[in-house]
Each structure stands twice: as structure tokens, then as C-alpha cells.
Amino acid sequence: MADKKRNREIGNLGETIACDFLKNKGFSILERNYWRKWGELDIVARETSGKVHFIEVKTVSHETKADLDREVTRATWRPEEQVHQFKLHQIHKAVETWLAEHNYQDDWQIDVIAVRVVPHEKHGVVKYIENITV
């Protein structure tokens, strides 16, 4: 159970970092953790043009900043690689539900934010991948 709790804490930290990143880019956060039994949307945000972004956040933690830097430099496992076909299918179902519930018919897209954190050093790196599907 401790691992699940830790993973949830790291995930929440990543989502908070992602929200701060988006706010700094001028986005408004509409919702966080929009959940239906067939899928979840980590963040729903609106950019200044009005376009809505459905953002999947993937977070991985490292023990030290040196560990994080080494992983990034070597281009080893990346958190965004966990957004696979099944996950995209779940996201699409949740997006369709959100659009219907909000009677939203304007522009939208699905993005991924990959966050690498070193929690006890209060250090993180954000990679924003826009419009992952058409």
C-alpha cells in the first residue's frame, strides 16, 4: 500500500507542477481529475484563444537531480511513453463525455505533459507535447 500512496503523491505533485506550468503560459484550468468509469482527464485547460486542451500528465520521480539529469541525457525511459493506444482510447472516451456534458463544440486538442521530479530537492523538469492526436 505504501507504494500506491507514494505513486499517488508523486502523480498529484506532477499534476500540480503541470497546472502551474500551464497557468504560466496563460492557460485557465477548468478542471482537474475529471473522472468517469471509462476514463479520466488529468487536466482540462483553456488557452487565451478559447481552445480547450485535454492534458494527460505522466510523472516520474528521481532520488537526486544528478539521477534526473543522467536519465534525460541518456534519453532512457520517458514518462510520456506510457500514453499508449489503450490509454488514448480511454482519454478519447472521457473527452467525448466532457464535450457532451459541457455542450462544447469549438476547437480542442489532446496534449501530454511529462514531468520528472526530485521531490526532496524541490526540482522538476516539464516536457509539453502538444496535439498528440488529430
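Can you tell me which condition Gly39 does not meet? The list is (1) buried (at least 17 other Cβ atoms within 10 Å of the Cβ); (2) at pLDDT 95 or above, and all the others hold.
Tallying (1) buried (at least 17 other Cβ atoms within 10 Å of the Cβ); (2) at pLDDT 95 or above, Gly39 fails exactly one: (2).
Six or more apart or on different chains, Cβ under 6 Å: which pairs go from a residue in the range 24-42 that's in contact (Cβ under 8 Å) with a residue 40 or more places away in the chain and closer than 21 Å to Phe86 by Cα to one that's among the basic types (Lys, Arg) and open to solvent by 50 Å² or more (accessible area, probe 1.4 Å)? Could you list them?
Short answer, once both residue conditions are applied: Trp38/Lys93; Gly39/Lys93.
Rundown of residues vs (1) modelled with pLDDT under 90; (2) part of a helix (DSSP H, G or I); (3) in contact with a helix residue (DSSP H, G or I) (Cβ under 7 Å, 6 or more places away or on another chain); (4) of a type outside the set (A, V, I, L, M), yes/no style:
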{"site": "Glu80", "(1), (2), (3), (4)": "yes, yes, no, yes"}
{"site": "Leu88", "(1), (2), (3), (4)": "yes, yes, no, no"}
{"site": "Glu96", "(1), (2), (3), (4)": "no, yes, no, yes"}
{"site": "Val117", "(1), (2), (3), (4)": "yes, no, yes, no"}
{"site": "Val134", "(1), (2), (3), (4)": "yes, no, no, no"}
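Hey, could you check the range 5-22 for residues that are closer than 13 Å to Tyr128 by Cα and either among the aromatic types (Phe, Trp, Tyr) or out of contact with any strand residue (DSSP E or B) (no Cβ under 6 Å at 6 or more places or on another chain) (or both) and say which is most open to solvent (accessible area, probe 1.4 Å)?
Within the range 5-22, the match that is most open to solvent (accessible area, probe 1.4 Å) is Asp20.
Can you pull out every residue in the range 46-78 that is outside any loop (DSSP other than H, G, I, E, B), modelled with pLDDT under 90 and open to solvent by 50 Å² or more (accessible area, probe 1.4 Å)?
Across the range 46-78, the qualifying residues are Lys65, Ala66, Asp69, Arg70, Glu71, Val72, Thr73, Arg74.
So, in the range 98-115, exactly how many residues are open to solvent by 80 Å² or more (accessible area, probe 1.4 Å) and in a loop (DSSP other than H, G, I, E, B)?
Summing the residues that are open to solvent by 80 Å² or more (accessible area, probe 1.4 Å) and in a loop (DSSP other than H, G, I, E, B) in the range 98-115 gives 5.
The values are calculated or read from the model by the stated rules, or taken from the named source; none is laboratory data. Just so it is clear, the structure is predicted and the values come from calculations on it, not from any experiment. For neighbour counting, all protein chains shown are included, and Cβ atoms are generated from backbone atoms with ideal geometry for every residue, glycine included. Side chains are part of the model used for accessible areas, which takes the heavy atoms of the whole protein and leaves out ligands, DNA and RNA. Shrake-Rupley method; radii C 1.70, N 1.55, O 1.52, S 1.80 Å.
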